[in-house]
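Q: Okay, here's the structure, questions in a sec.
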Amino acid sequence: MTLQGKRILLIISGGIAAYKSLDLIRRLRERGASVRPLMTAGAQAFVTPLAVGALAADKVFTDLFSREDEHDVGHIRLARDCDLVLIAPATADLMAKMAHGLADDLASTVLLATIRPVLVAPAMNPRMWAHPATRRNHATLAADGIRFVGPASGEMAESGEKGEGRMAEPLEIVAAAEALLDDSLKPLAGKTAIVTSGPTHEPIDPVRYIANRSSGKQGHAIAGELARLGAEVTLVSGPVTIADPKGVRVVRVERAEEMRDAVLAALPADIAVMVAAVADWRVETAAGNKIKKRPGETPPPLVLTENPDILKAVGHHSLRPKLVVGFAAETQDVAENGRAKLERKGADYIVANDVSPHTGVMGGDRNTVKIIGKASDEDWPDMDKRAVAERLGRLIASHFS
């Protein structure tokens, strides 16, 4: 689609990338959008309101306490009188204000008051983007439904450093705005999907269990992304402490056998994405009471038996989904083990990743994956788990396009 007739409130915050906002305004208007600019004090140090206003052919808003604009609560009017709020560039400072609900200037006040979709194009030094505080703020905003485009990797204009932090290019931002505003852009509409997530807990006795170190962050992000793309999603989740993704049906389980039963009960489906870190083994007979430690006695032996292979059951089922994606959490020989799993389990793709302790993947917010297909492999760069979900969603959608 084009942006014909769409009203975009463009918030420009301080940073050298503010110069790109001039081209962004031109690109948005070329596609039929009207652009109302709002500039922070920092933005005005890099580009002038005169230049921004000339390109936008509209007034530039800068002051929360403007006598001219605030007689009719202008910040609320700005927040509502648009179809999209676009922040480009978005600084670490502005993202922090958004994440914590601060409102000490016009931009942050509008963002706290808006009920419209918000698209953020971050731009900052790579160390600032990688800082734990910025990562937490990014995760908070994403969980609140804020959409992001970028940042990209490359050389920073102001410092010459290289890394992730460059603002996305104007045309990429335009495409993201189009996608966000086009409610009909649901490539998985009419499709059904099953996603598994989190660990399983296999009881030893009423208080102890065998488990894997999975937070469920990756599986939940994928379920949410498939729902955003229009699929009807059933999420079968092991025990996690994170919020349910929006727009999905959640089935909660504890044990691998329960997860298998819930997955098979959700068939038939068009898509299956088996992300859960299912325990490979369980205790053959769990104790009915807590196993007590007694002085002088050796620990009782635990007799283990193999858990059901859920991915293999789905990949070879008579109601096999049209697309089956499995995950392979490995600590060595990632590609080799992933490809062996692809062939053995009957999957179309395996998303293989290194979960060695030094990677911080298990329980962390970032992931580096290799996509293993029947014909070829593809290495994806290190990115946060929500970005992995978005990219995997596009891959799944392309399978049905």
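Read-outs throughout are calculated quantities, based only on the coordinates presented, and are distinct from any laboratory measurement. This is a predicted model, so every value here is computed, not measured. With ideal geometry, Cβ positions are generated from the backbone for all residues, glycine too; neighbour counts draw on all protein chains shown.
Q: Projected onto the charge dipole of the chain (+1 at Lys/Arg Cβ, -1 at Asp/Glu Cβ, origin at the Cα centre), which of THR200, LEU64, ALA389 gives the Cα projection farthest towards the positive end?
A: Of THR200, LEU64, ALA389, it is THR200.
Q: Before anything else, pin down the relative contact order of segment 7-181: Cα pairs under 8 Å, at least 6 apart, normalised by residue count, whole percent.
A: Value for segment 7-181: 24 percent.
Q: Specify whether the C-alpha gyration tensor of segment 249-401 places it in the rounded, prolate or oblate class, a ≥ b ≥ c being the square roots of the eigenvalues: rounded for a/c under 1.5, otherwise prolate if a/b is larger than b/c and oblate if not.
A: prolate
Q: Report, for segment 7-181, the % of DSSP beta bridges that are antiparallel, rounded to 5.
A: Rounded to the nearest five, the antiparallel share is 20 percent.
Q: Further question: Under 14 Å Cα to Cα from LYS186, which aspartates and glutamates show up? Leave out anything in the same chain fewer than 8 places away.
A: In chain and number order, the partners are GLU178, GLU225, GLU232, GLU390.
Q: Given R₀ = 60 Å, what would the calculated FRET efficiency be for ALA211 paired with TYR19, taking r from the Cβ atoms and rounding to 0.05?
A: After rounding, the FRET efficiency stands at 0.75.
Q: Do you know the relative contact order of the chain, to the nearest whole percent, from alpha carbon pairs under 8 angstrom that are 6+ apart?
A: Computed value for the chain: 11 percent relative contact order.
Q: Now for a separate question. Given the C-alpha centroids of segment 271-348 and segment 99-156, what is the distance between them in whole angstrom?
A: Here the two parts' Cα centres lie 38 Å apart.
Q: Can I ask one more? Could you list LEU102, LEU392 in order of exposure, starting from the residue whose Cβ has the fewest other Cβ atoms within 10 Å?
A: Exposure proxy ranking, most exposed first: LEU102, LEU392.
Q: For the residues ARG29, ARG228, ARG249, what sequence is obtained by ranking on other C-beta atoms within 10 Å, fewest first?
A: Placing the least packed residue first, the sequence is ARG249, ARG29, ARG228.
Q: I'd like the antiparallel share, as a percent to the nearest 5, of DSSP beta bridges with both residues in segment 192-400.
A: On the way: 16 of 41 bridges.
Just about 40 percent of them are antiparallel.
Q: Sticking with this one: Here are labelled values, (1) 184; (2) 124; (3) 175, and one is the computed volume of the Cα convex hull per residue in Å³ for what I pasted. Which one?
A: Read-out taken from this structure: (3).
Q: Counting Lys and Arg as +1 and Asp and Glu as -1, each charge on the Cβ, what is the dipole of the chain about the Cα centre in debye, to the nearest 20?
A: 580 debye
Q: Right, another one. How high is the relative contact order of segment 128-179, given as a whole-number percent (alpha carbon pairs under 8 Å, six or more residues apart)?
A: 26 percent
Q: Now, a different point. Would you mind checking the pairs LYS20/LYS246; LYS322/LYS385; LYS191/LYS312; LYS293/LYS341; LYS59/LYS246 and listing those with alpha carbons more than 29 angstrom apart?
A: Working: LYS20/LYS246 33 Å; LYS322/LYS385 25 Å; LYS191/LYS312 22 Å; LYS293/LYS341 40 Å; LYS59/LYS246 37 Å.
As for pairs spanning more than 29 Å Cα to Cα, those are LYS20/LYS246; LYS293/LYS341; LYS59/LYS246.
Q: Please give the calculated 222 nm ellipticity per residue for the chain, where each DSSP H segment of at least 4 residues contributes -39500 (n - 2.57) and the sum is spread over every residue; nearest 500 deg cm²/dmol?
A: It lands at -9500 deg cm²/dmol.
Q: Taking neighbour Cβ counts within 10 Å as the exposure measure, how do MET167, MET383 sort from fewest upward?
A: MET383, MET167
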